[in-house]
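This report refers to the structure that appears directly beneath it.
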C-alpha cells in the first residue's frame, strides 16, 4: 500500500510539473508558426548579417527545401523559406527584422500551395489581397521583386485523385491573379514549365525533377535582372 501511495504521489508530482512546463511553453511560444518560425528567423538574422545586397528566396516549404545556387550575378542567394507558410503568415513582418537596416538586391516570392490545401481555402479575392499586401511590404525592402507561379500538385501518396482535383481548381484560380498582382507591384512573374510526372515525392513536395523545373524558372528570371 505504501509503495502504491508513493507511486501515485510521484505520478502526481510529475504530472503537475509537466502541466506547468507545457503551460509555460504555450505562454512564451512565438505566434504564427511556433519554434520553427523563430529558429528560421534567427538563422536568417545570422546569415543576412554576413552578406550585403542578397537575393532572398521567400516562401513555404518548397523554398525551404530547395537547393538554389549560392549566388547569382555576384549576389549571394539566401534561403528564407518557412515550412507551412501561406499568404497569411506575415512573411514581410517576419523577414524585415532579420534584414535589419539592409536592403535586398532582389526578393523572390513563392507562395500559394498552403493557401490552396486547407480544408476551406480562402477566396481568390482574399488571396489576391493578402499577396498584394505582402508585395507592398517587400517593395520597401527591395526594388526587384519576383513572383513564382504556384507549383501544381499531383495524385500521389495520401493525395487522392479527388483531393488533387479540388486543390488544382483552387491553384488555377489563385494563379489567374498572379500576373496582375506582379504587374501592380512592378514585379517579374516567373512562370513554371510543365513538369514531367511524377514531379513530387508525396503529391505536394517536389522531387528532383520538380525542383529542376522550379529552380530553372527562378534562375532564368534572375538572369534577366543580372543582365540589366
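Using a Debye calculation, one point per C-alpha and no hydration shell, please list log10 I(q)/I(0) for segment 57-161 at q = 0.12, 0.18 Å⁻¹ in order. Ignoring solvent entirely, the Cα scatterers give -0.43, -0.90.
Among DSSP beta bridges lying fully in segment 35-226, give the percent that are antiparallel, nearest 5.
Numbers: 4 of 20 bridges.
Roughly 20 percent of the beta bridges in segment 35-226 run antiparallel, per DSSP.
Available extension along the chain between residue 35 and residue 74 is 10.8 nm, counting 0.36 nm per residue and deducting the alpha carbon span. Measuring between their Cα centroids, segment 47-66 and segment 72-116 lie 6 Å from each other. Each of 58, 82 was scored by other Cβ atoms within 10 Å of its Cβ. Arranged with the fewest first, they read 82, 58. With a ≥ b ≥ c taken as the square roots of the eigenvalues of the C-alpha gyration tensor of segment 105-219, please select rounded if a/c is under 1.5 and otherwise prolate if a/b is larger than b/c or oblate if it is not? It comes out oblate by the Cα gyration axes. Residues within the reach of a label modelled at residue 102 (point 7 angstrom out along Cα to beta-carbon, backbone nitrogen below 13 Å), restricted to segment 37-52, are 43-52. Taking a spot 7 Å from the Cα of residue 45 along the direction of its beta carbon, which residues of segment 87-101 have an amide N less than 18 Å from it? Residues 91-101 qualify, since their backbone N sits under 18 Å from the label point. Under 1.5 on a/c is rounded, so check that first for segment 35-226, then, if it is not, pick prolate when a/b is larger than b/c and oblate when it is not; a ≥ b ≥ c are the square roots of the alpha carbon gyration tensor eigenvalues. It comes out prolate by the Cα gyration axes.
How would you rank 119-126, 47-54, highest first, on the average number of other Cβ atoms within 10 Å across their residues?
Values: 119-126: 11.6, 47-54: 15.0.
So the order, starting with the most tightly packed, is 47-54, 119-126.
Subtracting the Cα-Cα distance of residue 162 and residue 197 from their residue separation scaled by 0.36 nm leaves 10.8 nm. Extending 7 Å from Cα along the Cβ direction at residue 209 and again at residue 223 yields two label points whose distance is 2.3 nm.
Every read-out reported here was derived from the displayed coordinates using simple, explicitly stated rules and does not represent laboratory data. Just so it is clear, the model here is predicted, and its values are computed rather than measured. Positions of Cβ are backbone-derived with ideal geometry, glycine not excepted, and every protein chain shown enters the neighbour counts.
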